[in-house]
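The values are calculated or read from the model by the stated rules, or taken from the named source; none is laboratory data. Note that this is a predicted model, so its numbers are computed, not measured. Cβ: placed from backbone, ideal geometry, glycine included. Neighbour counts: every protein chain shown. Areas reflect the complete protein model, heavy atoms only, side chains present, ligands, DNA and RNA absent. Shrake-Rupley method; radii C 1.70, N 1.55, O 1.52, S 1.80 Å.
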Amino acid sequence: MSGRTILQEVSRFAARVRDEGIPPELLHDARRRVTDIVGIALAASGMEPARIAGQVVDAWGGAEQASAIGRNRKYPAAGAALLNGTLAHALDYDDTHLPSVLHPSAAVVPAALAAAEAAGASGPQLLAAVAAGDELVVRVGMAGYDAKLGNSVFFEKGMHATSIAGTLGAALAAAMVYGLGEEEIGHAVAIAASMGAGIIETNRTGGTVKRVHCGWAAHAGVTAAELARGGLTGPPTVFEGRFGFLQAYLDDRADPDAILRGLGEEWELPRIFFKPYPANHFTHAGIDAALRLRKEGLEVREVEEIELGVAAPTLRTIAEPREEKVHPKSGYAAQFSGPFTVATALLGGGGLGVSLEDFTDEAVRDPLKLEIASRVRCVADEECDRIFPNQFPAVLRVRLRSGEVREARVLHNRGGPENPLSDEELEVKFRANAGRALSEERVGELWNALRSLGEAGALEGITALVRESRPA
């Protein structure tokens with residue numbers, strides 16, 4: 001690698017993946033990523049962010065190149081990517097990498113899908129691009145992870161690493177399916193480095209802008225690839241340069257080696273966690289623990305007090321302020337509540353244990369759920385602190401009226417490599433999500449089409465079905 005920049009190594013990796021393909025197990029993993037994101041986007045197609053982003057891309061108009069989910073027409077590829085990326089992240093149901101705490105597929109898959117449809121690319125070409133794009137997102141995120149801090153430098157500075165790194169992965173994937181050469185792929189990524197953005201103040205004080213972060217990353221990534229295809233260029237030292245990406249975003253705390261270490265040989269892709277539940281990932285182990293106790297026969301009416309032990313850094317997200325977490329003001333707010341998610345799981349939710357129907361504005365007014373949530377006390381747990389952020393563990397202790405204490409400890413999150421979702425479980429999630437916008441018959445047709453994506457010569461069958469969708 002001597003004498004070559006980080007960007008040159010990344011673009012060489014992408015060109016090799018595109019030209020030589022990827023192993024069957026990675027192809028299968030990438031197909032699962034696409035399937036998951038398509039289902040989530042369908043589920044979100046009736047939400048307010050879909051209406052807003054849809055109005056914007058409608059007003060833009062332009063060439064009919066790529067499909068937008070829930071809208072029976074085509075748009076310029078970048079516009080379709082904007083809408084579909086917004087839908088992919090709108091429900092907080094998209095996949096997550098740890099410990100970088102990134103959601104790579106919500107930016108990469110919409111960009112790759114839009115560009116692939118516009119270019120007439122094949123299914124295997126799409127999947128190779130998704131795999132490589134996700135890989136770059138994760139590696140850039142890990143370049144900003146500070147092990148001593150136990151957190152991402154991006155997040156410590158108030159920046160949304162998902163949208164910033166996601167723009168780079170989206171550009172890489174789009175450039176691959178557009179058939180750009182190795183040098184032009186590098187230019188696409190370098191151009192995209194000037195386009196990534198996202199701040200997370202909305203997590204503190206409100207606003208819905210976070211839902212469009214992945215949409216904008218997908219939009220910018222496709223745009224960067226198209227500009228590179230037209231001849232625009234970027235700096236070869238865009239990552240490590242004095243005024244490059246790493247210094248600009250991460251100061252002197254970046255780990256440049258994280259981007260290239262084992263690139264093409266040791267894949268991070270299989271380590272990206274699928275989300276079984278449509279809630280903030282910090283709540284998932286608590287949900288798992290509650291489901292376990294329920295399965296073991298815990299009677300909710302006998303519960304006196306509940307203690308949810310989690311890693312200390314997660315308390316500010318899922319436990320504070322306590323009154324707002326015990327009595328969430330909306331379904332969206334409930335997705336970030338440790339007490340409410342535990343109560344829902346103990347009472348019995350849908351899907352894989354907790355579903356979208358459990359987070360409607362009506363559901364958060366359920367008196368029994370609120371009563372159980374009021375009994376949940378969230379505390380820092382030492383064992384969870386030691387494991388975090390490589391997992392988001394939890395321990396749930398329930399004291400019954402009889403004085404008996406039941407405990408469930410979950411140290412490996414469901415959906416990750418140590419506790420993966422099977423294809424059958426992923427199908428349950430997909431069908432529940434897609435069924436919010438498609439008939440049962442169309443859901444089955446789309447599932448079968450996505451299962452065949454690795455052999456498909458064209459994507460038209462899939463894209464036609466998602467254009468048919470109508471919000472439930």
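Place a +1 charge on the Cβ of each Lys and Arg in segment 18-93 and a -1 charge on the Cβ of each Asp and Glu, then give the dipole magnitude about the Cα centre in debye, rounded to the nearest 20.
On the way: 8 positive and 9 negative charges, 54 e Å.
Charge dipole, segment 18-93, about its Cα centre: 260 debye, nearest 20.
Considering all projection directions equally, how large on average is the shadow of the alpha-carbon convex hull of the chain, in square nanometres?
Values: hull surface 82.4 nm².
Mean projected area of the Cα convex hull: 20.6 nm².
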Q: Along Cα→Cβ, 7 Å out, is where each label goes; now give me the distance between the ones at residue 73 and residue 243 in nm to one decimal.
A: 4.2 nm
Q. Given the Cα-Cα distance of residue 265 and residue 347 and 0.36 nm per residue of separation, how much length would full extension add, in nm?
A. 25.0 nm
(Q) Probe radius 1.4 Å, ligands and nucleic acids ignored: give me the carbon and sulfur share of the accessible area of the chain as a rounded percent. (A) 49 percent
Q: Rounded, prolate or oblate: pick one for segment 154-250, where a ≥ b ≥ c are the square roots of the eigenvalues of its C-alpha gyration tensor, a/c under 1.5 means rounded, and failing that, prolate if a/b is larger than b/c, else oblate.
A: oblate
Q) Roughly how big is the chain's charge dipole about its Cα centre, with Cβ charges of +1 (Lys, Arg) and -1 (Asp, Glu), in debye to the nearest 20? A) 760 debye
**Q.** Residues of segment 136-152 with amide N under 20 Å of a point placed 7 Å along Cα→Cβ from residue 182
**A.** 136
Q: Rounded to the nearest 0.05, what FRET efficiency do residue 60 and residue 312 give with R0 = 41 Å and r taken as the Cβ-Cβ distance? Could you check?
A: 0.35
Q) Once you put a point 7 Å from the Cα of residue 411 and another 7 Å from the Cα of residue 209, both along the Cβ direction, what distance in nm separates them? A) 4.1 nm
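Hey, what number do you get for the chain at 222 nm if only DSSP H runs of n ≥ 4 count, each worth -39500 (n - 2.57), divided across all residues, to the nearest 500? Present the calculation step by step, with values, prior to reporting the outcome.
Values: 23 runs with 243 residues, N = 472.
Taken over the chain, the calculation gives -15500 deg cm²/dmol.
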Q | For residue 102, residues with placed amide H under 5 Å, excluding near neighbours | A | 97
Q) Among 61, 118, 254, which residue has its Cα positioned farthest towards the positive end of the charge dipole of the chain, with +1 placed on the Cβ of Lys and Arg, -1 on the Cβ of Asp and Glu, and the dipole taken about the Cα centre? A) 61
Q) How many angstrom separate the Cα center of segment 379-457 from the Cα center of segment 35-61? A) 24 Å
Q: In whole Hz, with x marking every Gly and Pro, tabulate ³J(HN,Hα) for segment 354-359 from phi via Karplus 6.51 cos²θ - 1.76 cosθ + 1.60, θ = phi - 60°.
A: 8, 10, 4, 5, 7, 10
Q.
Give me the 1.4 Å probe accessible area per residue for the chain, excluding ligands and nucleic acids, in Å².
A. 38 Å²
Q.
Using 0.36 nm times the number of residues separating residue 400 and residue 439, minus their current alpha carbon distance, what extension gain do you get?
A. 9.7 nm
Q. Taking H as built 1.01 Å from N, whose amide H comes closer than 5 Å to the amide H of residue 375, not counting residues under 5 places away?
A. none
Q. Where does the charge balance sit around residue 397 when Lys and Arg score +1, Asp and Glu -1, over other residues with C-beta under 9 Å from its C-beta?
A. -1
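With a Förster radius of 56 Å, plug the Cβ-Cβ distance of residue 452 and residue 380 into 1/(1 + (r/R0)^6) and report the FRET value to the nearest 0.05.
Values: r = 47 Å, r/R0 = 0.85.
Approximately 0.75, to the nearest 0.05.
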Q | Residues with amide H under 5 Å from that of residue 304, placed H, sequence gap 5 or more | A | 399, 400, 401
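My understanding is that a pair violates if its Cα-Cα distance is over 29 Å; which of 210/329; 74/157; 148/210; 148/429 do that in this structure? Spell out each step's value before the answer.
Details: 210/329 18 Å; 74/157 38 Å; 148/210 27 Å; 148/429 36 Å.
Violating the 29 Å limit, Cα to Cα: 74/157; 148/429.
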Q. Using a simple spin-label model with points 7 Å from Cα along the Cα→Cβ vector, what separation in nm is obtained for residue 52 and residue 157?
A. 2.6 nm
